[in-house]
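Trainee: Sending over a structure as C-alpha cells; questions will come in a sec.
The values are calculated or read from the model by the stated rules, or taken from the named source; none is laboratory data. These figures come from a predicted structure and were not determined experimentally. Neighbour counts are summed over all protein chains in view; Cβ atoms, including those assigned to glycine, are modelled from backbone coordinates with ideal geometry.
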Amino acid sequence: MEKIIDESLQGSALALKKKNANGKKLYIESYGCQMNFSDSEIVASILANEGFDTTQNLNEADLVLVNTCSIREKAELTVRKRLEKFNAIKRDRPHMKVGVLGCMAERLKHQFLEEEKIVDMVVGPDAYKDLPNLIQEIDEGRNAVNVILSKDETYGDVSPVRLHSNGVTAFVSITRGCDNMCTFCVVPFTRGRERSRDPQSILDEVNDLSERGFKEITLLGQNVDSYLWYGGGLKKGFEKATEMQKATAVNFSQLLERTALAYPKMRIRFSTSNPQDMTLDVIHTMAKHKNICNAIHLPVQSGSNRILKEMNRLHTREEYFELIDNARRILPDCSISQDMIIGFPTETEQDHKDTMSLMEYVKYDFGYMFTYSERPGTMAERKMEDDVPEETKKRRLSEVIALQRQHCQERTQRHLGKVQEILIESTSKKSDEHFMGRNSQNTVAVFPRENYKVGDFVMVRMDECTSATLIGEAVGYSENN
Ligand code: SAM
C-alpha cells in the first residue's frame, strides 16, 4: 500500500483521538502490507466502541495487539521478537493482555496459545467483529481464538478510523482475500477466498473522506482488477448467480468510473493489479477521467516464462508485454511499477537474464524486489525444493535492484522541465522549508513551501531530480484546488 510496504511505518503504533468515555488503553502495532494497516484502522474503530483509547506508550497499555504479516519469513521473525518484548513487559504488568491479529494468527492458529503460550488471544483477519467477545473471554481468564475465514466479511459496515493520517490521503479496501493461488504465496491461506465489498459502502466511505477534507484515495485489494460485486458472496460463486445478479454486477472498471464521476475532485489510485486480471477497459477508464492517477502497480514476479508457469502466474512474458504496450498506447504518460521475486525454486542464470531483459523492455518507474522466501503450506513449499543458494539469490537481487535504480532515475528524469500537479501531503522529511507531495505518476516531488498548505493541489515546475525525487518550484494553484 502501496505501495503498500512502507518500511518507515513497519511496526509503528497507531494512536487515535481520545474518546472521553473510554478508560482502557489499546496499543496496536502493524506489520506488512497496506491491507494490514487498513485492517488495524477497522480494529481500532471496533475497539473504540468497547472502551479502548489507543496509546503509543506500551507501558500504559491494557491490551496489546500486533497485526501480523506472513508473506516472508523475515516478517514473522520480526513479530516473534516483538512478542518476546511484550511478554517481558507483561511480567511487570500481569493484567496486560496480548493478542496476535492478521495473517500470522491465521497461519499459526492454536500454536501461539497452546504450544508457545506467548499470547492470550489469536484473531484471524475475518474475525475482528468478534473482538468484543474474545476480549471478554480473556478478561475472564480464558484464552481466546477465532481464526474462522469468512465467505462474505468485508467490514463494509465498519467506518474505519484514520490512524497515522496526514488528513489528505487514505486507503479504502474494496476486496478481501485472494483466489489466485500463486504457488509462492501464503495470502490465499491466511486471508481466505476473494470477496468484494458493496460499491455503495465504498462510495459512502469516499464521501465521508471527501467531507472530512481528504483529497486522494487508494482503492485497495490483493487483486483489485478482479473486483466483482453481484450482491455479496465469494467471487467464485458468481457463476451460480441469478441472471438479475449477473446483469447488475459491478466490475472494477465500473467501480472506478462510478467513484471518479461521483468525486471529480478526489484523486483516485488503486493497488494491486494482477496482469492476468487487468483488462483494457480499466486503462480506458483511467484515460477518460482526469482524477484517476496515471499509475499502475503491475507485479510480474519473474521475466521467465518457465518460472511464471511454476509460479502459477496465468500469463506469459509476451502477454505481459502486450498489456504494457497497450497501457502505454492508451495512457502514454502512465507510470508502471513492479514486484519481483528473485531466486524462486529452479531459477537458472537464464531465467534471471529473462527477468533482467523484461525489466529492460518495461523500464519500470518503481519496484519492490525480494528474494524468495519459502512459506509453509504453499504449493511451492510442498512440491519444490528451495534450491537456489542464498548467495546466488542475493547476487541476483542486487543486480535486479541496480537495474531498477537505473530505470527509476531515467523515469524520474522524464518529468524534468514539465509543470505538474502535486497534491501536498506533508512537510518534507529533509527540510521544514519544503513540502512533499506526489504527481499523478506517484513520483515524490519537493518544493519550497511559500504560502501553500498541506492538502493544496499545486502546479510545480520540475527543475532537478535525484533518482526517485523531483525538486521543483510551485508556479500556482492547480484548477483542481
Ligand atoms: N496480489 C499481488 C500479486 O501477486 O500480483 C501482490 C500481493 S502480495 C501480498 C505482495 C508481494 O509479496 C508479491 O507481489 C510478491 O512479490 C511478494 N511475495 C509474496 N510471496 C512471497 C514469497 N514467498 N517470497 C518472497 N516474496 C513474496
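Trainee: Could you look through the stretch 291-309, keep only residues that are more than 17 Å from the chain's Cα centre (by Cα) and surrounded by 21 or more Cβ atoms within 10 Å (Cβ to Cβ), and pick out the one that is nearest to Glu360 (Cα to Cα)?
Mentor: Initial filter on the stretch 291-309 (more than 17 Å from the chain's Cα centre (by Cα)): 291-292, 294, 302-309.
Imposing the further condition that a residue be surrounded by 21 or more Cβ atoms within 10 Å (Cβ to Cβ) reduces the set to 292, 302-304, 307-308.
Working: Ile292: 27, Ser302: 13, Gly303: 10, Ser304: 13, Ile307: 18, Leu308: 18 Å.
Out of the qualifying residues, it is Gly303.
Trainee: If we only count helices (runs of 4 or more DSSP H) wholly inside the stretch 349-429, which ones have 2 or more residues that are over 22 Å from Leu298 (Cα atoms) and within 14 Å of the ligand (Cβ to nearest atom)? Before you say what the answer is, go through the steps one by one.
Mentor: Values: elements: 349-362, 379-383, 390-413.
Passing ranges, in order: 379-383, 390-413.
Trainee: Here's another thing I want to ask about it. Within the stretch 179-200, can one find any residue that is of a type in the set (Lys, Arg), part of a loop (DSSP other than H, G, I, E, B), away from the ligand (no atom under 16 Å from the Cβ) and surrounded by fewer than 17 Cβ atoms within 10 Å (Cβ to Cβ)?
Mentor: Quick first cut of the stretch 179-200, residues of a type in the set (Lys, Arg) only: 191, 193, 195, 197.
Now narrow it down to the ones that are part of a loop (DSSP other than H, G, I, E, B): 193, 197.
When the remaining residues are screened for being away from the ligand (no atom under 16 Å from the Cβ), the result is 197.
When the remaining residues are screened for being surrounded by fewer than 17 Cβ atoms within 10 Å (Cβ to Cβ), the result is none.
The answer is no, given that none of the residues of the stretch 179-200 is of a type in the set (Lys, Arg), part of a loop (DSSP other than H, G, I, E, B), away from the ligand (no atom under 16 Å from the Cβ) and surrounded by fewer than 17 Cβ atoms within 10 Å (Cβ to Cβ).
Trainee: While we're on this one: Among all residue pairs at least 6 apart or on different chains, which show Cβ distances below 9 Å where the first residue, located in the stretch 336-356, is at positive phi and the second is within 11 Å of the ligand (Cβ to nearest atom) and at pLDDT 95 or above?
Mentor: Gly343/Thr371; Gly343/Tyr372; Gly343/Asp386; Gly343/Lys393; Gly343/Leu397
Trainee: When residues of the stretch 116-152 are filtered for being of a type in the set (A, V, I, L, M) and surrounded by fewer than 17 Cβ atoms within 10 Å (Cβ to Cβ), how many remain? Can you show your working first?
Mentor: Our first condition is that a residue be of a type in the set (A, V, I, L, M); within the stretch 116-152, this holds for 118-119, 121-123, 127, 131, 134-135, 138, 144-145, 147-149.
From what is left, the residues that are surrounded by fewer than 17 Cβ atoms within 10 Å (Cβ to Cβ) are 118, 148.
Result for the stretch 116-152: 2.
Trainee: Examine the stretch 59-76 for a residue that is more than 16 Å from the ligand (Cβ to nearest atom) and over 23 Å from Val158 (Cβ atoms), and state whether such a residue exists. Please lay out each step first, then the result.
Mentor: Taking the stretch 59-76 as the starting set, the residues that turn out to be more than 16 Å from the ligand (Cβ to nearest atom) are 59-66.
Still in the list and also over 23 Å from Val158 (Cβ atoms): 59-60.
So far as the stretch 59-76 goes, yes, one or more of its residues are more than 16 Å from the ligand (Cβ to nearest atom) and over 23 Å from Val158 (Cβ atoms).
Trainee: Quick check, is Leu261 within 28 Å of Ser165 (Cβ to Cβ) and surrounded by fewer than 22 Cβ atoms within 10 Å (Cβ to Cβ)?
Mentor: The answer is yes for Leu261.
Trainee: Among the listed residues Leu203, Leu209, which satisfies the condition of being over 24 Å from Leu308 (Cα atoms) and either crowded, with 18+ Cβ neighbours inside 10 Å or within 16 Å of the ligand (Cβ to nearest atom) (or both)?
Mentor: Values: Leu203 fails: either crowded, with 18+ Cβ neighbours inside 10 Å or within 16 Å of the ligand (Cβ to nearest atom) (or both).
So the residue among Leu203, Leu209 that is over 24 Å from Leu308 (Cα atoms) and either crowded, with 18+ Cβ neighbours inside 10 Å or within 16 Å of the ligand (Cβ to nearest atom) (or both) is Leu209.
Trainee: Any residue in the stretch 168-185 that is closer than 21 Å to Thr154 by Cα sitting within a Cβ distance under 7 Å of a residue that is among the basic types (Lys, Arg) and within 12 Å of the ligand (Cβ to nearest atom)? List the pairs, counting only those 6 or more apart or interchain.
Mentor: These pairs meet every condition: Arg176/Arg191; Gly177/Arg191; Cys178/Arg191.
Trainee: Now for a separate question. Go through (1) outside any strand (DSSP E or B); (2) away from the ligand (no atom under 16 Å from the Cβ); (3) on the phi < 0 side of the Ramachandran plot for Gly231 and report which single condition fails.
Mentor: (3)
Trainee: Please work out which residue is nearest to Thr55 (Cα to Cα), limiting yourself to the stretch 153-163 and to residues that are surrounded by 15 or more Cβ atoms within 10 Å (Cβ to Cβ) and of a type outside the set (A, V, I, L, M, F, W, C).
Mentor: Arg162
Trainee: Sticking with this structure for a sec: Within the stretch 182-197, work out how many residues are more than 17 Å from the chain's Cα centre (by Cα) and at pLDDT 95 or above.
Mentor: Going through the stretch 182-197 one residue at a time, the tally reaches 3.
Trainee: Can you confirm whether the stretch 271-281 contains a residue that is β-branched (Val, Ile, Thr), under 19 Å from Cys334 (Cβ atoms), buried (at least 17 other Cβ atoms within 10 Å of the Cβ) and within 16 Å of the ligand (Cβ to nearest atom)? Can you show your working first?
Mentor: Residues of the stretch 271-281 that are β-branched (Val, Ile, Thr), as a first pass: 272, 279.
Cutting the leftovers down to under 19 Å from Cys334 (Cβ atoms) gives us 272, 279.
Those left that are additionally buried (at least 17 other Cβ atoms within 10 Å of the Cβ): 272.
From what's left, within 16 Å of the ligand (Cβ to nearest atom): 272.
Checked against the condition, which is being β-branched (Val, Ile, Thr), under 19 Å from Cys334 (Cβ atoms), buried (at least 17 other Cβ atoms within 10 Å of the Cβ) and within 16 Å of the ligand (Cβ to nearest atom), the stretch 271-281 yields at least one hit.
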